Amino acid sequence: MKRPILIHPDPRLKKLSTPIEDVTNELRTLANDMLSTMYDAPGIGLAAPQVGVNKRLIVLDCVKEEGATPQPVTMFNPEVIASSDELNTYEEGCLSIPDQFADVTRPTEVEVVWIDENGAAQQRVFDGLWATCVQHEIDHLNGKLFIDYLKPLRRQMITRKMQKLKRDKARA
Ligand code: NI
């Protein structure tokens, strides 16, 4: 089932999300809903705060080629345990900040630990788009958006555009 995606600015997008103690059926349903919402948008990642749930859960699938086999990944309590010194700049966007894109520089490779949908511990090194995406989504769990990496003026400009978008939507 699809869930509505919160649009910035929203206080729920700025909150620190809490760790998950048990992977319950309710949380598995939430993760599946988030995947449907993400694929439908379409997007390559989604964090629980973006659907108004301040829990440490993200989903991603960075396979973008048409016709390729989907590779959905569900992560409870994801944590970066190592980052490369090498940096990579990628033009990022966010489903909570529609139609706005900006260059963000992050480590090229990250090693991430998490709990999967079956409650099993996982560990993997990500690079390329996957590395960018997983770092972007984990930021959401800490109340951080990609525009927080931009200069204040640029950030304010984007925030004002989003405020206008929300006003227009509310009126429609
Ligand atoms: Ni995002």
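Number of residues in segment 55-82 that are open to solvent by 50 Å² or more (accessible area, probe 1.4 Å), within 17 Å of Ala41 (Cα to Cα) and either touching a Pro at 6+ places or on another chain (Cβ under 8 Å) or not in a loop (DSSP other than H, G, I, E, B) (or both) equals 0. Residue check: is Gly119 more than 16 Å from the ligand (Cβ to nearest atom), part of a loop (DSSP other than H, G, I, E, B) and open to solvent by less than 60 Å² (accessible area, probe 1.4 Å)? Answer is yes for this residue.
For segment 142-156, taking the residues that are of a type in the set (A, V, I, L, M, F, W, C) and touching a strand residue (DSSP E or B) at 6+ places or on another chain (Cβ under 6 Å), the one that is nearest to the ligand (Cβ to nearest atom) is identified as Phe146.
Among the residues of segment 40-56, those that are closer than 23 Å to Leu129 by Cβ and touching a residue at least 40 places away in the same chain (Cβ under 8 Å) comprise Ala41, Gly43, Ile44, Gly45, Leu46, Ala47, Ala48, Pro49, Gln50, Val51, Arg56.
Look at segment 1-15: where a residue is of a type in the set (Ser, Thr, Tyr), no partner that is not in a loop (DSSP other than H, G, I, E, B) sits 6+ places away or on another chain with Cβ atoms under 6 Å. State yes or no: is Pro72 under 13 Å from the mean Cα position of the chain (by Cα) and within 22 Å of Ser17 (Cβ to Cβ)? No: the conditions fail for Pro72.
If you check Thr105, Thr159 for being within 16 Å of the ligand (Cβ to nearest atom) and open to solvent by less than 90 Å² (accessible area, probe 1.4 Å), only one passes: Thr159. Within segment 123-147, the set of residues being surrounded by fewer than 13 Cβ atoms within 10 Å (Cβ to Cβ) and in a helix (DSSP H, G or I) comprises Gly128 only. Can you tell me which residue is least open to solvent (accessible area, probe 1.4 Å) among those in segment 15-44 that are in a loop (DSSP other than H, G, I, E, B) and of a type in the set (Gly, Ala, Ser)? Here the residue is Ser17.
So for segment 92-101 (the condition being more than 16 Å from the ligand (Cβ to nearest atom), in a strand (DSSP E or B) and open to solvent by 30 Å² or more (accessible area, probe 1.4 Å)), does at least one residue qualify? No, segment 92-101 has no match at all.
Filtering Thr105, Thr37 for residues that are within 25 Å of Arg154 (Cβ to Cβ) and either in contact (Cβ under 8 Å) with a residue 12 or more places away in the chain or not acidic (Asp, Glu) (or both) leaves a single hit, Thr105.
The values are calculated or read from the model by the stated rules, or taken from the named source; none is laboratory data. Source: prediction; values computed, not measured. Glycine gets a Cβ as well: all are built from the backbone with ideal geometry, and neighbour counts include every protein chain shown. These accessible areas exclude ligands, DNA and RNA; they are computed on the full protein's heavy atoms, side chains included. Shrake-Rupley method; radii C 1.70, N 1.55, O 1.52, S 1.80 Å.
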